[in-house]
Amino acid sequence: VIDDLRARVQEPTARGVAHAISAAIADGTLEPGQKLPPIRALATQLDLSPTTVSAAWALLTRSGAIRTDGRRGTVVALRTPPGPSRYRRVLTGRSSSAGPGNGLRIDLSAGVPDPALLPDLGAALGRVQRLPAPQTYLDEPVVPELGDLLRAHWPFPAEKITITDGAMDALDLLSDQLLRFGDLVGVENPCFPQLLDLLDARGVRTVAIDVDDNGLVVEQLRTALDRGVRIVFTQPRAQNPTGASLSADRARALAAVLRGRGVLVVENDSAGAVASAALISLGRWLPENTVHIRGFSKSHGPDLRLAAVGGPASLIDGLEDRRHLGQGWTSRLLQRVLLDLLTDHMSISQVARARAEYSRRRRLMVAELARLGVEVGGSDGINIWLPVIDEAAALVGLASHGISAAPGGPFAVDPNPAPHLRVTVGLLAHDHTEVARALAAAGGAVRWNAPR
Ligand SMILES: Cc1ncc(COP(=O)(O)O)c(C=O)c1O
């Protein structure tokens, strides 16, 4: 490797070394995971100063070509990070595979809002008139009136609020800014798979913190902090998948554990305006250490793909700066549409109706399941977290009724999770009795070869 690199280095600078290593990675001479020589040894062999090689390492690390791997030293990074593998597994049981059964064809696997309950986008598009063109690509990224409206309703006095292309975009930008390979973060257990996929792709290690009906379990948060987590990701209400919402008493207890630890809390209020529970944000107690994300996909439409993110100015400024390396800002046209939907009376009442309807659908299903002896927790949102004996058997059982749901495995942070299905009951307008019966029966099903 050294001879090869010596031949490739065309100029004795950090850039020259970085180009030589990049070329060796590109043609396969250096393979993903391969250990690179220590800086001093390489410097000696290339007749360069250790400072030059060290600067080359910094360039390569920033570009993602190499990374440090604890005691192994510096290694060649994976060429492509793993994709959304958990999220893909969630979608494997969709109704295309559902059998004939009793003729129902009901897809409750996807965790998406009911299109029939979204506000009327066409009307809003019609109302949004000609927009002023941006003067430069560095203009203020948030439409001012939308920023004012969000600030007026933010759950704590955030120093700065910006708009992103959905909650996942906000989480991606925040983790890009805050997390490095090998960092330790706290996540809810169970947790929505897209976040676990994102953290996996960044090589971040997760510590599971269980969620009960009132939010994160206090003692488990304390243990996670003692283990050195730097950031805790949480959903304050209508948690996906459990439907749990943070209570005021629990929030106070969590804030007491977090106070003075310098740990950042990233709150993802993805259900937003369609959640029935009051929004209780840890930012009320820890405004300097909380970043809060408000999603609009569930309430106003996944295709608007908008979220607001607010917190410490230094963090939000960094996020906006980083965005200028990519898409720059979120379409102001879409921001205007959202502003219209948030202020138009008809749209406001459509969202209120959706909130009430999701609540009715969830309560109906929970009550039907309770009559059949199946207890599910949580109280809010579009999903239930259904305990089953065997996930695969339950999915096959449901498919025979023409129903699909998501397997619980991809939501688990623990290696040996209790089997569950996530069922998006918010999509079910009627047939609650029949579907509850199918869910209860499927939940009790055991695979023929399952260990008992
Ligand atoms: C908890 C949670 N966060 C974020 C998202 C994605 O939100 P967005 O469409 O705003 O990126 C989802 C989507 O289902 C979700 O359940």
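The values are calculated or read from the model by the stated rules, or taken from the named source; none is laboratory data. In this text the structure is predicted, and so the values were computed from the model without any measurement. Cβ sites come from the backbone with ideal geometry, for glycine too, and all protein chains shown count toward neighbours.
State yes or no: is Pro236 touching a helix residue (DSSP H, G or I) at 6+ places or on another chain (Cβ under 8 Å) and either on the phi > 0 side of the Ramachandran plot or surrounded by 24 or more Cβ atoms within 10 Å (Cβ to Cβ) (or both)? Against the criterion (touching a helix residue (DSSP H, G or I) at 6+ places or on another chain (Cβ under 8 Å) and either on the phi > 0 side of the Ramachandran plot or surrounded by 24 or more Cβ atoms within 10 Å (Cβ to Cβ) (or both)), Pro236 qualifies. Would you mind stating whether Arg180 is part of a loop (DSSP other than H, G, I, E, B), of a type in the set (Lys, Arg) and away from the ligand (no atom under 16 Å from the Cβ)? For Arg180, the condition - part of a loop (DSSP other than H, G, I, E, B), of a type in the set (Lys, Arg) and away from the ligand (no atom under 16 Å from the Cβ) - is met.
Evaluating Asp165 against the criteria (1) among the acidic types (Asp, Glu); (2) within 16 Å of the ligand (Cβ to nearest atom); (3) more than 29 Å from Val423 (Cβ to Cβ) leaves one unmet condition, (3). Taking the conditions exactly as written (at pLDDT below 95, of a type outside the set (D, E, K, R) and crowded, with 19+ Cβ neighbours inside 10 Å), does His401 satisfy them or not? It is true that His401 is at pLDDT below 95, of a type outside the set (D, E, K, R) and crowded, with 19+ Cβ neighbours inside 10 Å. Suppose the filter is crowded, with 18+ Cβ neighbours inside 10 Å and either more than 16 Å from the ligand (Cβ to nearest atom) or among the hydrophobic types (A, V, I, L, M, F, W, C) (or both); does Arg332 pass it? Answer is yes for this residue. Pairs linking a residue in region 181-192 that is in contact (Cβ under 8 Å) with a residue 12 or more places away in the chain and under 25 Å from Thr61 (Cα atoms) to a residue that is acidic (Asp, Glu) and more than 11 Å from the ligand (Cβ to nearest atom), with Cβ atoms under 9 Å and 6 or more positions apart or on different chains, are Phe181/Asp69; Gly182/Asp69. The single residue among Ala116, Ala170 that is of a type in the set (Gly, Ala, Ser) and within 16 Å of the ligand (Cβ to nearest atom) turns out to be Ala170. Filtering region 50-85 to residues that are in contact with an Asp or Glu (Cβ under 7 Å, 6 or more places away or on another chain) and either surrounded by fewer than 13 Cβ atoms within 10 Å (Cβ to Cβ) or modelled with pLDDT of 90 or more (or both) leaves Val75, Val76, Pro82.
Check whether at least one residue in region 107-115 is among the hydroxyl-bearing types (Ser, Thr, Tyr) and at pLDDT 75 or above, and report yes or no. Yes: one or more hits. Taking the criterion of being away from the ligand (no atom under 16 Å from the Cβ) and either among the β-branched types (Val, Ile, Thr) or not in a loop (DSSP other than H, G, I, E, B) (or both), the residues of region 302-324 that qualify are Gly311, Ala313, Ser314, Leu315, Ile316, Asp317, Gly318, Glu320, Asp321, Arg322. Between Arg284, Arg261, the distinction of being of a type in the set (D, E, K, R), surrounded by fewer than 24 Cβ atoms within 10 Å (Cβ to Cβ) and under 18 Å from Ala158 (Cβ atoms) belongs to Arg284 only. If you go through region 148-160 one residue at a time, do you hit one that is within 16 Å of the ligand (Cβ to nearest atom), assigned to a helix (DSSP H, G or I) and surrounded by 16 or more Cβ atoms within 10 Å (Cβ to Cβ)? Yes, region 148-160 has at least one match. Out of Arg40, Arg6, Arg71, one residue alone is part of a helix (DSSP H, G or I), of a type in the set (Lys, Arg) and over 25 Å from Gly182 (Cα atoms). It is Arg6. Report whether or not Leu339 is modelled with pLDDT of 95 or more, aliphatic (A, V, I, L, M) and either more than 25 Å from Arg237 (Cβ to Cβ) or surrounded by 14 or more Cβ atoms within 10 Å (Cβ to Cβ) (or both). Spelling it out, Leu339 is indeed modelled with pLDDT of 95 or more, aliphatic (A, V, I, L, M) and either more than 25 Å from Arg237 (Cβ to Cβ) or surrounded by 14 or more Cβ atoms within 10 Å (Cβ to Cβ) (or both).
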